[in-house]
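These notes are about the structure you will find just below.
Nothing in this text is a laboratory measurement; each read-out follows from the coordinates by a stated rule. For clarity, every value in this text was computed on a predicted model and none was experimentally measured. Heads up, the Cβs are rebuilt from the backbone with ideal geometry, glycines too, and the neighbour counts pull from every protein chain shown.
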Amino acid sequence: MSTVDPDEARRLLERELDRSAYDGAHVTWWDRASSAFLDWLGSFRLGGLDSPVVAQTALWIAVVVLVAVVVLVLVSRGLPRRRPRAKASDTGGVFDDDDLRSADELRDTARAALARADWTQAVLDGFRALARGLGERDLVPDVPGATARAIADRGAASFPTVRDRLEDAATAFDAVRYLGSDADEATARRVLDAERDVRRARPVRADEPAVPA
């Protein structure tokens, strides 16, 4: 059975503690304890121990402690984890807190994104223009805090003939903003077309039949 001398064990431990995954922003109790252990480990020299049995015992104690240290590091610091992808049910609001742009401003930004082939940005600002327009017309309350799905559902109450286009635009927005998907040209144009159709349509009252857009 091969053994590891104390110097080699010390080098292994130093290498483990030097890895970037174990770096801390400040000195902790763990850093102090590991430093004290390294000093103690470095004090061992087999030639300075009178009994071979004692030397072997000390060596194995050092190896066992080394393994325990590595295990404790992994347990206390944890392994890197992949950030889970958001689910559609976890989506948040359509607007950032500081986004106060008007529907016209958002529409212009979306069209500019479309012109430069930035389909993803066209989808985001195109749907935001749709949502802000509904809010400016007092058709959808609480637009800044509402989700894309809620805006589509509330908008469909006033524009039932474009319900499918509203739902499609909301799905595209959520896929881009919260699921990390990249939009294509066809999707971007559908969102902007939905915004145009809703903007031009006349909202219906609950007591009147819907007029096709």
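What is the magnitude of the charge dipole of the stretch 88-200 about its Cα centre, with +1 placed on the Cβ of each Lys and Arg, -1 on the Cβ of each Asp and Glu, and no other charges, expressed in debye to the nearest 20? Show your work: numbers first, answer last.
Working: 17 positive and 24 negative charges, 88 e Å.
Dipole magnitude for the stretch 88-200 comes out near 420 debye.
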Charge-dipole axis of the stretch 88-200 as Lys and Arg at +1 and Asp and Glu at -1 on Cβ define it, positive-most pick from THR120, ALA131, THR147: ALA131
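Given the convex hull over the Cα atoms of the stretch 88-200, what projected area results after averaging over all orientations, in nm²? Could you put the intermediate results ahead of the total?
Numbers: hull surface 24.7 nm².
Its average projected convex-hull area is 6.2 nm².
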